[in-house]
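The values are calculated or read from the model by the stated rules, or taken from the named source; none is laboratory data. The shown structure was predicted, so the numbers you read here are calculated from the model rather than taken from an experiment. Please note: Cβ atoms are built from the backbone with ideal geometry, for glycine as well, and neighbour counts cover all protein chains shown. What goes into the accessible areas is simple: the full protein's heavy atoms, side chains included, and nothing from ligands, DNA or RNA. Shrake-Rupley method; radii C 1.70, N 1.55, O 1.52, S 1.80 Å.
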Amino acid sequence: MVNNRFIQCNACGMKINLRIQMGRFDIPFHIHCPDCHSTIHGKVHMEENNIDIESAHSIDCNDEEFYSVELSAEFPTRKPLYKKISKIEFSPYMRNIQFYGDGEKAIKLTQETTYFADFIKFGLGEIKQNFELFWNNQNKTLLTRLEKTISKYPHILLSKINNNFDSVMALHQLLLTTTGISYVINKNSLCEYSQIGNLVVGKPVYSTQIIDFINTDKIDFNSIEKKGIKLVELFAKVYEQLIPVVALKNGGCFENVDKEKYGIMTANFDELTDFYAKSYEWILDNISVVLGLNNIYVRNDSSQCINGKAYKDFIKESNGNRIKNGYIGEEEPFSKPISSLNNRIRNAIQHFDSDIDYGTQLITFKDRAKKVELYLMDFTDLCIENFGIVFYILELVYNLRKLTLMQEGIFPSISVKDSKIADMRHKNKIGRNEPCPCGSGKKYKRCCGI
């Protein structure tokens, strides 16, 4: 259902039609008045059926022609235009089906994006607290909490948490399989991250070199994870603004949208740039993990990079130069998930100039004399890509942590809660190269069959 409301600019008196697609989520919006070009901020509250507005106020309007803005949290919207009241047009909901070419597919993928939104509201605090207990060595409290939590999820095979290795595995499985992350980061990408991460523990011949690299480079797993979880929290604050793009990406339909005509009115550019810049900086701070592993697996020496470059010189580089100065080979085994990084946009956000026209939703990034233009939907896509890279690096850290624990003589003490799966395991009915029944996306031999 579409609800038509009218507001009036406090500065110039311009009347603006808000064509609101009713749905599950509140709708924040940002409009440039077409007359005086001042910015109007607001939020549509679905449950209360009211609007909070800054720099404008609600009015009744009987005009036959007006400036019209579409608003929707779940679907792309057409960009603002002048229209006559007699003009009939599709609702954002109906138009969204056209982007997918299939009504059932559109509904299913949009609904799936809400799982992570529900996790943000009801589960993020508990996940964060469990990680904090782990980082702070509060094992007695953590073990009890984790056992209680995993008992709710039959697909998680652990039933007892006896040591740090068990805690690491439980935290990882809870984060990946109970939060809806797999509906934000493409499932195929998550599986790829797991497969690449498994290389860390999957080839014992490199274990000593990897441990030496960890110790020499003083890689602090807790510090990396703490800042990574903060980025998850920051992403959570903007997630509802990203739902249309997440759903379209998961359906392979993102390129079906004509971005000159359609966009997302809910996105706050300042909030998105804050996440993009901070996530980019964290990625560059920790990309040394990717580089060190590449060096070990490709050149059998953590100190030697591609193109004859040295790791010691990489460490001295500024973050901005770490990508562009040829230290990381895109075709090397740990590099593929980081190939989408865009240094020029990062420079514009951090050091130079960026601006958005909320009417056209065109963003201009200026990096000295150079200029990059992106539509807001495309920039949102980059934010989602960064979020995926954050999880990729956390996946590498998870496997590095497991390797370190094994080197210390600590191994998982897995007890299986599902007797049928236990019988299958003992009778060798789960092939070692088959998907693990815990739902992690990994091969059994690389997960619960370890």
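Tabulated data
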| item | result |
| --- | --- |
| Crossing angle, helix 221-250 versus the chain [Cα axis fit, 0-90 degrees, rounded to tens] | 40 |
| Per principal axis, descending, Cα span of region 231-347 in whole Å | 49, 27, 25 |
| With Cα atoms, 0 to 90° folded angle of helix 103-122 axis to the chain main axis | 70 |
| Antiparallel %, DSSP beta bridges [both residues in the chain], to 5 | 90 |
| For region 81-228, the spread of Cα positions along each principal axis, largest first, Å | 71, 35, 29 |
| Region 282-340: proportion of alpha-carbon pairs further apart than 15 angstrom, % | 39 |
| Reduced Cα scattering model of region 33-160, Debye log10 I(q)/I(0), q = 0.12, 0.18 Å⁻¹ | -0.76, -1.13 |
| For the chain, alpha-carbon Rg relative to the globular expectation (2.2 N^0.38 Å, N residues) | 1.10 |
| Estimated translational D of region 348-410 in µm²/s (Stokes, Kirkwood radius over Cα pairs; 4 °C; 1.567 mPa s) | 89 |
| Most mobile listed residue (V200, V289, V372) in the chain, GNM with C-alpha springs under 10 Å | V372 |
| Solvent-accessible area of D60 with every protein chain in place, 1.4 Å probe, in Å² to the nearest 10 | 150 |
| Accessible area of the chain divided out per residue, in Å², using a probe of 1.4 angstrom | 45 |
| Partner aspartates and glutamates for K230 [C-alpha distance under 12 Å; skip if fewer than 8 residues away on the same chain] | E132 |
| Cα Rg over Rh - region 179-257, Kirkwood | 1.11 |
| Scattering profile of region 1-45 at q = 0.17 Å⁻¹ [log10 I(q)/I(0), Debye over alpha-carbon scatterers] | -0.50 |
| Heavy-atom accessible area ranking, 1.4 Å probe, most first, across T39, T216 | T216, T39 |
| Intensity falloff of region 1-93 expressed as log10 I(q)/I(0), Debye formula with alpha-carbon point scatterers, at q = 0.14, 0.26 Å⁻¹ | -0.46, -1.58 |
| Highest to lowest packing among 397-404, 242-249, 101-108, scored as the average C-beta count within 10 Å | 242-249, 397-404, 101-108 |
| Pairs from K227/K312; K226/K366; K140/K187 whose Cα-Cα separation, in the structure shown, is over 28 Å | K226/K366; K140/K187 |
| Within the chain, helix-based [θ] at 222 nm, where runs of 4 or more DSSP H residues each add -39,500 (n - 2.57), nearest 500 | -15500 deg cm²/dmol |
| Percent carbon-and-sulfur accessible area, region 283-397, ignoring ligands, DNA and RNA, probe 1.4 Å | 42 |
